[in-house]
1. Please compute the modelled spin-label separation between HIS359 and GLU567, points set 7 Å along Cα→Cβ, answer in nm with one decimal.
2. Could you work out the percent of alpha carbon pairs in the stretch 403-443 separated by over 11 Å, rounded to a whole number?
3. Please rank THR364, THR516, fewest neighbouring Cβ atoms within 10 Å first, as an exposure proxy.
4. With labels modelled as points extended 7 Å from the Cα through the Cβ direction, what inter-label distance (nm, one decimal) is found for GLU555 paired with HIS317?
5. To the nearest 0.05, what FRET efficiency results for GLU681 and THR548 with a Förster distance of 45 Å applied to their C-beta separation?
6. 7 Å from Cα along Cα→Cβ at both THR342 and ASP400: what's the point-to-point distance in nm?
7. In what sequence do CYS519, CYS311 fall when counting other Cβ within 10 Å, fewest first?
8. Counting other C-beta atoms within 10 Å, and keeping those with at most 13, which DSSP coil chymotrypsin sites (Phe, Trp or Tyr not before Pro) do you find in the stretch 217-325?
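Read-outs throughout are calculated quantities, based only on the coordinates presented, and are distinct from any laboratory measurement. Worth saying up front: this structure is predicted, and the values here are computed from it rather than measured. Methodologically, a virtual Cβ is constructed for each residue, glycine included, from the backbone with ideal geometry; neighbour enumeration extends over all protein chains shown.
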Amino acid sequence: LTNSISAELDAIEGQLVESGYDRSHIDSFIDHLEESVKQTITLLADDENALREAILKPEVFRYYVLVQSASARQNYTPSELQYLDTLLGSVAQEYLTLAPASPDFKHTALERTITALTQISHQQTTKDPTHSTGENHLDTLTERNNLVDDDKDTDSPDTVTTQYGHVPTAVTRILDTADPNALTRVLGSGNLDALTSRHKRAKAYQAAGRLDEAMDQYRTLLTDCARILRKNHPKTLATRNNLAYTYRLAGRLDEAITEYEILLIDYTRAYSYKHPKTSAARNNLAYTYCLAGRFNDAIPLYEQVIKDRTCDLGEDHPRTLAIRHSLANVYRDAGRLDEAITLYEQVITDSVHVLGEDHRDTLTMHENLAHTYVKAGRFDEAITQLKQVITDRTRVLGGDHPDTLASRNNLADTYRKAGRTGEAIALYEQVATGRARVLGPNYPDTLTSRHNLANIYRSVGRLDEAITLYENLLPNHIRVLGADHPDTLTFRHNLAGAYVHASRFDEAITLYEQVTKDCARILGEDHPNTLTSRNNLAGAYDAAGRLTEAIALFEQILPDSTRILGEDHPNTLSSRNDLAGAYDAAGRLTEAIALFEQVLTDRIRILGEDHPNTLSSRNDLAGAYVSAGRLAEAITLYEQVLTDRTRILGEDHPDTLASRNDLAGAYVSAGRLAEAITLYEQVL
């Protein structure tokens, strides 16, 4: 088998090696595929018609293999799968050819069937219909048409991550050389087969990653289907769905959302409000809203999908559990933390009952609950939860499994946020070493670990080490993931932040300006990551003393954040707080104090008295009181913050030490020097 596909494999390996992938990971993928092919043939053994179709149509057989290899594919990244999926078609076809002669092929009855059917398949694929029928004969055009996939909806109801797919080399040649309008000329523009042919061609472009061509094909096809068939015809709906999905793959989220919104209305009209296809369209629209950061728009849609699935499948069905889990994630991202935690806890209980304590989905739910505890400032609960997940994953999967390493990375993140920096650094370094050994030095997860290590170096003031690591890693990020990948944008964003911490403001501002433009171009003006980039650019202006530019940008961001995320979203509160800080720095103390007081009131209401962000707001307001000469109020507030931070975060947390230092400064301003000296000595 390996010898038979060696040329294909060599070509793909060349691309993979250039991208930094480990040969052992490639070998593992081939082993998974070979096993999946064997399982597929065994599965089809009892259904001669299905087997015949699978052998005569390689794309059908490939689909069966994809289903069988689904669990193994979870171990590979999207960028790996774009290369390795090309190998899948070759493995499937060559195995079908070679299996009957293999001494390991033990299914005697099935062997005879495959031998006969493979001979038929070879006869079909080796003859050239153009020799006897001509280029534009209907048989020739139909033969070409059958090389590409069918015209089912591209999106599946539960899709949350996608690959472009796979197109055999023969199809790629036809896409590049054959006349796309030939079948239409022969059959007529209104013929259903001609429309189907165009749909298949568009889907083949999409699967080949040629998204601009796919979108052009789908747009014209959608117009024709609506005109010839009718707006709510199944083929028209499928075309609109695939156009929306292709927009989404291309990152054109506004256009994807527009098409999904129309599609939901059309499915509701064509079927019913609660029909499974309508529910699937609702789910796809909700997911796309989330990609665009429109969490509040997604929530009611997800809530309705839960009702749909509960009615159709039952409350404990795995797909119902999955969508409830998704809703909890969206509650978390929308800042509705209490609702998220309550729902996570309910779903975990049900998942343990239905799937079991050690099921991968159950463990993922525990991990997401821990992330939400972190957002709520409940660090001890988060750490306890993550330690248990690590124990369970080590027992079930092994200490070096990528999921186990990911959980250890998440625990390191939580240590960092809890101020336990020594434990965080040690664990980050362990995870980075483990990932480099298991996955390879340039594997995306390995790059992420080293990125996290740079982040914590920055946060503890080891700026030279942080910046060196950032700068060394950036070319690898661009080479492995691409310059426009969201993770690459985040990486550049964090490098700019390190420049700010090191007072290298010109470099920071230049980089922030570039990243902000790229975020707007790739993700959209209203995406939360774009808002964050703009906000941090304003912060860099502030740090560099360019207060007029900082205030102008903060004042633009605040209404945008309120409109997109909502008035009570944590990011909106942070934008309001940052604007208040800029007013304070510019000497506009009345405006600063009013805004700080408003943010403090809102954070107490939304996050609670003891949330770290609430404590930060109280500290910032105390600083503004000092600037305004209101020392008695400032000292009272600083003393309260110090007491609370010591109780909640611990005496040695960096924020607690900062509070002690701020209070000492206020004592100095008030002439209370003995108390100030005592505090300064404690800080030292």
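1. Using points 7 Å along Cα→Cβ, the separation is 4.2 nm.
2. Working: 477 of 820 pairs.
That fraction is 58 percent.
3. Fewest-to-most Cβ neighbours within 10 Å comes out as THR364, THR516.
4. Each label point is offset 7 Å from its Cα along the Cβ direction, giving 5.4 nm.
5. Values: r = 40 Å, r/R0 = 0.89.
Efficiency at R0 = 45 Å is approximately 0.65.
6. 4.6 nm
7. Values: CYS519 25, CYS311 12.
With the sparsest Cβ surroundings first, the list reads CYS311, CYS519.
8. On the way: sites: TYR218, TYR245, TYR247, TYR260, TYR267, TYR271, TYR273, TYR287, TYR289, PHE295, TYR302; in loops: TYR271, TYR273.
Here the chymotrypsin sites (Phe, Trp or Tyr not before Pro) that fit, given the DSSP loop and packing criteria, are TYR273.
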